[in-house]
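To start, the structure under review is shown below, and the notes come after it.
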Amino acid sequence: MFKTFLEVQNILSKYKNIRVAMEFAAPSIAEFVGVDRIIISKREIDENSQKIYLGVFHEWYKDGVGSRYMGNETPRKIFVDDVFKIYQTTVAIKKPMIFKEADFAQIQVPVLKDLYRDSDIKSTATVGLYVHNELWGTITIHNVDEEKDYIADESIDRLQMVANEFGSYLCMYDHSVLESQKRVDDHSVRMTDLGKMAAGIAHEINNPIFIIGGFATRIEQLVDEKEVLNKEDETRICLDMIQKNCKKVTNIVEGLRLMSRNSEKDEFEVFDLNEVIKRTVDISKDRFQMESIDLCTDLSDGELLIECKPGQLSQVVTNLLNNSYDSMTAQKIKGQVKIKTQNVDGDAVLSITDAGPRLSDEVVKNIMEPFFTTKAPGKGTGLGLSICKEIIKRFNGNISVDQNCPNVKFDIRLPLISFEEESEDF
């Protein structure tokens, strides 16, 4: 018999899709517990009433037994409020709820009385499925051929073993889903940021390409006129401008690569904060200039080497710049957005200050919270800064709003990498 339980464990470890796992595990569970029908219900919230209910998530039944829910009027959801009295003495405190056919007429809970009225069920038992000590749902068994004493034949103990195993599986499933969703959310945010920059990127790349083309044409004219040597200074200026604009295009492309990189697969890297800033700013600055906003930098003289994921750090900077851009354009503010980096007490400090008015204490209190936004409806999700906070936290840093500044100023503090060897006493 316990060989069958091992089969259940093996099946659950094999399949990550919860419905597939339940479908394949159900025959072994039925054999192990000795039942004809198995119903998994999941705790949900009704969209209309906002009340909690248990809805049928999966049903399995033996050949010749038939479905309890398909093709008939049996309710597929039971509201917890309707069964609270009986649930609080059974499922809610991790005890089984057991009925035999003779008990059905005596049930005092109307919804359960209706559930079992005129049914093919001879015996039934329900136990809770718990994930992280919270009720995820229930597993219910039916016997239709004969009445069974689940306690006497220890079926209820075996059912509880199955419920515990399912609980462990659901914990792993829950963790896997959260991790997958997190990766999807992180990638979606990066793609959203790239989308916001798309219009500016075309303009930014076309500008240097136009300049390169113009100076290349001028050099071609000098060659045709055999004036290259006679006009050496002009030729050198043309070549210098071509090189500078080629480098600008390279920086723009590198900035995009940093933003779109799948950082989940990357280990932390030792990277110069100033280099990340330069490449990210190269992508954004023309967009600001089109709105007469000056995007300027004041970077430290030396390198600021930090341990990070450059793509994610670029994402943080881009998000803060996008917020400044959106705020200033919405308020029709012209002026400056200043990016400053410095070494302060062994930390790399990045400050981004725009010309917008100082944020209120109430806004600052909530600004890093998920789904909080000061933007107009449909203009922001309220997730950007909370994700920025989480990313910076992963790098052992912190992000804050400087309330002493008369304008909007964000400070990011990250630990610098030190290569000094500690002295040893011999």
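Fully extending the segment from ASP82 to ASP120, taken as 0.36 nm per residue of separation minus the present Cα-Cα distance, adds 11.4 nm. The simple spin-label model puts a point 7 Å past each Cα toward its Cβ; for ASP103 and TYR69 those points are separated by 2.2 nm.
Given their separation in residues at 0.36 nm each and the Cα-Cα distance between them, ALA330 and THR250 gain 25.6 nm when the chain is fully extended.
If you build the Cα gyration tensor of the stretch 2-178 and take the root of 5 times each eigenvalue, what three semi-axes come out, in whole angstrom, biggest first?
Semi-axis lengths for the stretch 2-178 are 23, 21, 15 Å.
So if I take the centroid of the Cα atoms in the stretch 14-82 and the same for the stretch 147-162, what is the distance between those two points in Å? If you average the Cα positions of each part, the centres end up 19 Å apart.
For LYS62 and GLN50, the difference between the fully extended length at 0.36 nm per residue and the C-alpha to C-alpha distance is 0.8 nm.
Rounded, prolate or oblate for the stretch 8-49? Axes are the square roots of the Cα gyration tensor eigenvalues, ordered a ≥ b ≥ c, and the cut-off for rounded is a/c under 1.5. In terms of gyration-tensor shape, oblate. Applying 1/(1 + (r/R0)^6) with R0 = 60 Å to the Cβ-Cβ distance of ASP301 and ASP224 gives a FRET efficiency near 0.85.
Computed from backbone phi, the HN-Hα couplings of the stretch 330-343 come to 5, 8, 6, 9, 9, x, 10, 10, 10, 10, 10, 10, 7, 9 Hz, rounded to whole numbers (Karplus: 6.51 cos²θ - 1.76 cosθ + 1.60, θ = phi - 60°; Gly and Pro given as x).
Values in this text are rule-based calculations from the coordinates and carry no lab data. The shown structure was predicted, so the numbers you read here are calculated from the model rather than taken from an experiment. Heads up, the Cβs are rebuilt from the backbone with ideal geometry, glycines too, and the neighbour counts pull from every protein chain shown.
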